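Working notes for the structure below.
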Amino acid sequence: MHTFQPYPIDTVEINPFKLIGKDWGVITAEKDGKVNAMTASWGGMGVLWNKNVMNIYVRESRYTKEFLDAGDLFSVTFFDEKYRSSLKYLGAVSGRDEDKIANARLNINHDLNVPFIDEGNFVIICKKLCSAPILPDSIPEKYKEEFYPNGDYHTVYLGEIIDLLAR
């Protein structure tokens, strides 16, 4: 296992557009002692209810959604480019069918009893504040056609950032 250090949130200087949208992250959650993860390139960070927060978006069909719905904690781990093929793998297969974390040659670590991927270099640990489905009637038609041709809509999860870790 790698050694991670707490990273003071007041000193974070990242570009969330690059970090989330280009570099991608891995959402990880645990349910009944089992961990599942998925690659994500949609999300954001900011402040809501006087709390530092992260929002993530997960389709109804994703197995990880069951884990997010079952618990109050999740993580988002970010990686060096050399892990791109592992991230693609995590996004392409389902944890319903296999131990995709192990098959991607990745390992699970924990902070505050929250699982994250050990090979990452920056981790955001979150406590779920709320979640809400993105309703089809609230989406412009052109985005429904482009992103939801099969009606597999997203749920947004809002998490309070309770810890940041850096390797």
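If only one of Ile101, Ile27 is among the hydrophobic types (A, V, I, L, M, F, W, C) and farther than 19 Å from Tyr157 by Cβ, which one is it?
Ile101
Quick one: how many residues across the range 101-159 are charged (D, E, K, R), more than 22 Å from Pro16 (Cβ to Cβ) and touching a residue at least 24 places away in the same chain (Cβ under 8 Å)?
Number satisfying all stated conditions: 2.
Could you grab me the full set of residues in the range 113-150 that are part of a loop (DSSP other than H, G, I, E, B) and open to solvent by 40 Å² or more (accessible area, probe 1.4 Å)?
Residues satisfying the conditions are Asn113, Asn121, Ile134, Leu135, Pro140, Pro149, Asn150.
Name, by its number, the condition in (1) farther than 21 Å from Ala166 by Cβ; (2) open to solvent by 70 Å² or more (accessible area, probe 1.4 Å) that does not hold for Gly33.
(2)
Considering only the range 95-128, state which residues are over 19 Å from Gly71 (Cα atoms) and not aliphatic (A, V, I, L, M).
Asp97, Glu98, Asp99, Lys100, Asn103, Arg105, Asn107, Asp118, Glu119, Gly120, Asn121, Phe122
Taking Lys82 as the residue in question, decide whether it is open to solvent by 10 Å² or more (accessible area, probe 1.4 Å), free of Cβ contacts under 8 Å to residues at least 60 places away in the same chain and either within 30 Å of Lys144 (Cβ to Cβ) or of a type in the set (Lys, Arg) (or both).
So Lys82 passes the test.
The values are calculated or read from the model by the stated rules, or taken from the named source; none is laboratory data. Quick caveat, the model's predicted, so the values are computed rather than measured. Because the Cβ atoms are built from the backbone with ideal geometry, glycine has one as well, and the counts that use them run over all protein chains shown. Please note that ligands, DNA and RNA were not included when accessible areas were found on the heavy atoms of the full protein model with its side chains. Shrake-Rupley method; radii C 1.70, N 1.55, O 1.52, S 1.80 Å.
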